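The values are calculated or read from the model by the stated rules, or taken from the named source; none is laboratory data. Source: prediction; values computed, not measured. Here Cβ is always computed from backbone atoms with ideal geometry, including for glycine, and neighbour counts include all displayed protein chains. In case anyone asks, the SASA skips ligands and DNA or RNA and just uses the protein heavy atoms, side chains included. Shrake-Rupley method; radii C 1.70, N 1.55, O 1.52, S 1.80 Å.
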Amino acid sequence: MREYSIAAIPADGIGPEVIAAGLEVLEAVATRDGGFSLTVDHYDWGSDYYRKHGRFMPPDGLAALRTADAIYFGAVGDPDIPDHVT
């Protein structure tokens with residue numbers, strides 16, 4: 001069975017709900033198909049992370065994402081953080 005690695009970044013606003021629902025669908029497809037499985041790494045990179053750390057991801061964030069087969073990205077944005085920052 002083939003295993004795929006997904007980096008999930010729900011981020012802000014509607015993102016967490018959309019990502020959670022999408023991951024449920026992907027898991028159902030994997031179960032029904034039976035030929036592949038998913039390993040999901042969750043990253044809390046969004047506006048709350050930015051407020052705590054002054055950046056949207058850690059310095060090694062891109063290296064972590066490069067290990068994934070796919071990146072499932074939600075929505076980023078917060079009325080208290082300027083759009084050019086997000």
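A few notes on this one:
- Scan the stretch 55-85 for residues that are in contact (Cβ under 8 Å) with a residue 40 or more places away in the chain and β-branched (V, I, T) and the total you get is 3.
- Residue in the stretch 37-54 that is open to solvent by 70 Å² or more (accessible area, probe 1.4 Å), at negative phi and in contact (Cβ under 8 Å) with a residue 60 or more places away in the chain present: no
- Qualifying position, being farther than 13 Å from Y72 by Cβ and within 15 Å of the chain's Cα centre (by Cα), among G13, G54: G13
- Filtered residue count, the stretch 16-36, keeping only those that are without any contact (Cβ under 8 Å) to a residue 12 or more places away in the chain and either closer than 30 Å to P79 by Cα or of a type in the set (A, V, I, L, M, F, W, C) (or both): 8
- Number of the exception - Y72 against (1) crowded, with 17+ Cβ neighbours inside 10 Å; (2) assigned to a loop (DSSP other than H, G, I, E, B); (3) at pLDDT 95 or above: (2)
- When the stretch 1-16 is filtered for residues that are modelled with pLDDT of 95 or more and surrounded by fewer than 16 Cβ atoms within 10 Å (Cβ to Cβ), the ones remaining, listed by number, are R2, E3, Y4, S5.
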